[in-house]
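Everything on this sheet refers to the single structure shown next.
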Amino acid sequence: MRPSDMGRPIPYLEQVLLDFPDLVVVAGHIGAPWLDEMLFLAGKFPNLYIDTSAYLPSRYPHALVEYMRGRGAKRVLYGSNYPMIQHQDLAIQQQLTNLNLEDDKMRLIKRIHEYKRQLLNILFVIHRYLELKRASPGDREQCQKRVVLIGGKAASAYVNAKIIIKLINNVAKVINADPETSAYLKCAFVPNYCVSAAEVLIPASDVSEHISTAGTEP
């Protein structure tokens, strides 16, 4: 149901909620000029959930913030679809979902560029994987669990960066599938890394490693 197709959507949505009380309805892209009415409906019907994709997190209206902090704390999807979460970023979400990230795992994030020494980063992952393979099950239990996320993109002629990306993906494929070590170490490459992806990933990370060549970072 699109407002552009049917005009003001509230009456139609309310009728659907009344006619189908067992149907879970997600109101996507809620926003002006129907924000207050939509929040009222969400409070009236327990089968209605709302989605914040129409807003950047830094621009949430006061009424929406108050709703999320109160009675709507478990009734909101935080920018779960287009346009605030671009289609290409859904691959990122799926990759992270596949990693089954537990709260006791340390997250590390860094982006691709040859001078940023991501080759050293993935070599560290390989080294840690081999150490875990050599360790006894008891010793592995004492290790800090880690998830290493490496994001980036390569220009069409940036051969070395492409080779590094291929290496990262191949290493991730091996260690993520190893039943002996996957509980203690996982790795993923985040494609098309950009500011929007960074806004999602970096706040959720425990460590952002800076191993760049001296003098190359501002």
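Rule-based calculations on the coordinates, nothing more; no lab input. As the structure is a prediction and not an experimental result, all values here were calculated from the model. Neighbour counts run over all protein chains shown; Cβ positions are idealised from the backbone, glycine included.
Taking the Cα centre of segment 114-204 as reference, the dipole from Cβ charges on Lys and Arg (+1) and Asp and Glu (-1) amounts to some 200 debye.
Taking a 21 Å limit on the Cα-Cα distance, which of the listed pairs K133/K186; K133/K153; K153/K173; K74/K145 fall beyond it? In this structure, K133/K153; K74/K145 lie more than 21 Å apart at Cα. If you model segment 114-204 as an ellipsoid using its alpha carbon gyration tensor, with each semi-axis the square root of five times an eigenvalue, the axes come out at 26, 15, 10 Å, biggest first.
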